[in-house]
Every structure is written in structure tokens, then in C-alpha cells.
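Comments concern the structure below.
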Amino acid sequence: MKYEITPKELEWAQQTWERLERKIDAQNERLGSMMPYIPVNGRYEDMGEEHLAWWTNSFWSGILWQAYHATGKQAYADNAAAVEERLDRALEEYAGLDHDVGFMWLHTAVAHYRLTGNEQSRLRGIHAAAVLASRFQPAGNYFRAWNHGEDSVAIVDCLMNLPILYWGSEVTGDSAWKKLAMTHADMALREILRPDGSSNHIVAFDRETGEVTKKPGGQGYGEGSAWTRGQAWAIYGMALSYRHTGKQEYLDASKRTAHYFLANAALMDYDVAIDFRAPAEPVYYDNTAAACAACGLLEVSEHVPDLERPLYVRSAVKLLQRLTERFCNWNPEEDGITTKGSARYDRASDREVPIIYGDYFLAEGVLRLLEKDFLIW
Ligand code: GLY
């Protein structure tokens, strides 16, 4: 087996997938092509109606494509394809799109194309990659993250958007997008990741000169802190850049961030807080970070020598087991699986709630352990 987990861990992963599948089945009946984000009173609302270009709008589709790949159930593929069609208006209108076109179309069109070869999906994926490429800033060598604010910023999250450019270069045969993605990843090595293995969230640039002007706090506790989902994006994102390019510095950076993450998570018995550098009290959790980090650790484990692998696999299993033991809602009558996810530190309404991307990474992590996943990134 790829990850060499124990028979007991395998049994746990199988049972967890059965629970996930029951929940996904129930949600598939209720949600159809909805774009869920955070449930209200146990029920998802359609974020696509309110904000079609919202960055999380494709994670439900990602869950469905993973589940389709694992089970072959056509009802999953049908709803995922319907989400993808709904997003066409966002591509046509262009308004509101930002660097998160990677998340949005990797989990819809690119996944659809990878699993079925659908031509329309390939074209949608290429359009989305072109939108991300158009955000490249030659002064500073980065992809501009957001459209709002006075500053032009790059954020650690963007490492997870780069794979749409690696994919785009692969399918078009033009290496230009891959080179741009690597230029951004190189900037992240210099300016976003810190030497101790922790990561900034945001780096701001002077738009004219490309000079770094500041590294403000973002969705974590504050300036200089260590927002855990950002650390998870760095682990997974750098490992993915290594997968697609073979550049050793990316894997080394991913491992450094992983070691920083695990040293801190161990102190909290693998219950992951929103920020490793927030005050000790009150503790606010973010299980989306735990689930995403677990997937990143499994990705790292695929690129290291045999004797290094157990550290990453054992730790990923530990994070996922802790999460499923303490923080999952398995009631099929209620939407949302992973509880206590946090979108950001400073907004109470977005703290310790179920969030769709927590569920995506939980499903991906468990399917990875069962070797029933496919690479969506
Ligand atoms: N990419 C935005 C976030 O992680 O909240």
C-alpha cells in the first residue's frame, strides 16, 4: 500500500468512509447543485445565489468527484457537473473573480476532465487558468490575490491555486503558465514562508516598484502570528509545487512547515487551534486546518525516502482520527460533517462552525488512506 498504514488504521479508515458516504448520500439528495459554505441551523444555503464567484463554491463538487471516483455512483457526477455549469456565468461575467479561480475550477471542470475527458470541461479549465495567469504582477513576481483594498497582496493560500496553471501547461503543451506558477512559488519561499517553518498569511507590495511594503496579519490572530490554515496551505501547496515541478526547495519548504505544524499540534493533542501563536485562552479551534494539513502530510509522504515516510503518514492519521473522534457530526439529517472549522480568528460568526472545505479535506484524506482518491490538484 502507498501509505503503509496498519490493519487497525485501515479498518478505521474504511469505517470512516462508510460514515462519510452515508452523509454525502443524504446531502446529495438535499443539495443537488447547490454551492454550500457554512450551514445555518443544520442546513446549507446556496452561496451561489448570493455570490457566484465566492472561493468556496466548488468544494461540494470536489467532494462529489472524489466520491464518484471512489464509488462510481452517477448521481454524484451529475450534481458535480451541474455545479460546473452554474459557474459558467462567473467566467463569462468575470466580475468578482480573483486568484481563487484555481480552487473553483480545479474542483469542477478540471476534476471532470481528468475523470471523464469531457472536452467542454477542459476548455473551462483553460479559461480559468488564463484568468489566474492574467493576475501575474511582473513588479514583485506574484499573483495578485484579491481585488479589494489599497494594497496589492499575495497570500499563502495561492499555493493551492497554482496547480491549475501546472495542469494548464500540461494540457496546452505551453510551459509559460508553469513558469509563472514557479515564479510565484519562488516569491513565496522568499517572502511568505519564514525560516523557522512558520508562514505569514499576507505580503503586500508596492504596485509600481514591486517592493515588499508590509506583512500584515490576515485571518489568523495578527501580524507575526501563525494562522494554522495558512500553515496547512503552505505544507500542501509547496508539496504540490514539488510534485508538478520536481524543484527540491519546494519539498524542503513543505517539510519545514510540516515540522513546525506538527510540533505545535502535538502540544495540543492534535486538536488544532486557529492560530499557533494566539493567546492560550480562549482556545478557538479550526478543524479545516487539521484536515487540510493531513492531506498535505500525505502528499509529502509520497515524495520522501521510505525511512522518512512514517512521520508524515502517522501524523496525518493522528490528525484525522482526532478530528473524527471529537469533531464530526454524523447525523444524516443535518448538513455539514466537520465541526469547529473557522474561517477567521476575528469574526465570532465564522468561528467554530462546520465549513464545506473542512469536509472536502476530510473526505480526501480518508480516501487517500484507502487509495481511492484521485489527485484533484
Ligand atoms: N483561502 C481563504 C481561506 O483559507 O480562508
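Scanning the range 336-375 for residues that are part of a loop (DSSP other than H, G, I, E, B), aliphatic (A, V, I, L, M) and surrounded by fewer than 21 Cβ atoms within 10 Å (Cβ to Cβ) yields a total of 3. Within the range 207-234, can you find the residues that are modelled with pLDDT under 95 and either acidic (Asp, Glu) or in a strand (DSSP E or B) (or both)? Within the range 207-234, just 208 meets the criteria.
Looking at the range 83-123, the helices (runs of 4 or more DSSP H) lying wholly inside it that each contain 1 or more residues that are loosely packed, with under 15 Cβ neighbours inside 10 Å sit at 88-93, 111-116. Looking across the range 12-43, the residues that are surrounded by 14 or more Cβ atoms within 10 Å (Cβ to Cβ) and not in a helix (DSSP H, G or I) come down to 32, 33, 34, 35, 36, 37, 38, 39. Summed over the range 106-124, residues that are touching a Ser or Thr at 6+ places or on another chain (Cβ under 7 Å) and free of Cβ contacts under 8 Å to residues at least 60 places away in the same chain total 4.
Looking at the range 54-61, can you tell me whether even one residue there is part of a helix (DSSP H, G or I), of a type in the set (S, T, N, Q) and closer than 30 Å to residue 306 by Cα? So far as the range 54-61 goes, no, none of its residues is part of a helix (DSSP H, G or I), of a type in the set (S, T, N, Q) and closer than 30 Å to residue 306 by Cα. The residue of the range 124-157 that is modelled with the lowest pLDDT, among those that are within 16 Å of the ligand (Cβ to nearest atom) and in a loop (DSSP other than H, G, I, E, B), is 149. Looking at 260, 284, just one residue is of a type in the set (Phe, Trp, Tyr) and open to solvent by 50 Å² or more (accessible area, probe 1.4 Å), and that residue is 284. Given the condition more than 23 Å from residue 369 (Cα to Cα) and at pLDDT below 95, answer yes or no: does some residue in the range 96-105 qualify? The answer is yes; a qualifying residue exists. When residue 333 is tested against the conditions (1) crowded, with 17+ Cβ neighbours inside 10 Å; (2) away from the ligand (no atom under 16 Å from the Cβ), the lone failure is (1). Scanning the range 282-316 for residues that are among the hydrophobic types (A, V, I, L, M, F, W, C), in contact (Cβ under 8 Å) with a residue 60 or more places away in the chain and over 16 Å from residue 264 (Cα atoms) yields a total of 4.
Between 259, 244, which is touching a residue at least 24 places away in the same chain (Cβ under 8 Å), more than 16 Å from the ligand (Cβ to nearest atom), more than 29 Å from residue 168 (Cα to Cα) and part of a helix (DSSP H, G or I)? Being touching a residue at least 24 places away in the same chain (Cβ under 8 Å), more than 16 Å from the ligand (Cβ to nearest atom), more than 29 Å from residue 168 (Cα to Cα) and part of a helix (DSSP H, G or I) holds for just one of 259, 244, which is 259. Of the residues screened, residue 18 is one that is under 23 Å from residue 373 (Cβ atoms), without any contact (Cβ under 8 Å) to a residue 40 or more places away in the chain and of a type in the set (D, E, K, R). May I ask you to verify whether residue 204 is open to solvent by less than 40 Å² (accessible area, probe 1.4 Å), among the aliphatic types (A, V, I, L, M), in contact (Cβ under 8 Å) with a residue 24 or more places away in the chain and touching a Leu at 6+ places or on another chain (Cβ under 9 Å)? No; evaluated as a whole, the condition is false for this residue. For the range 207-230, filtered to residues that are surrounded by fewer than 20 Cβ atoms within 10 Å (Cβ to Cβ) and of a type in the set (S, T, N, Q), the residue that is nearest to the ligand (Cβ to nearest atom) is 213.
The values are calculated or read from the model by the stated rules, or taken from the named source; none is laboratory data. Only a predicted model underlies this, so the values are computations on that prediction, with no experimental measurement involved. Backbone-built Cβ (ideal geometry, glycine too); neighbour counts: all protein chains shown. Areas reflect the complete protein model, heavy atoms only, side chains present, ligands, DNA and RNA absent. Shrake-Rupley method; radii C 1.70, N 1.55, O 1.52, S 1.80 Å.
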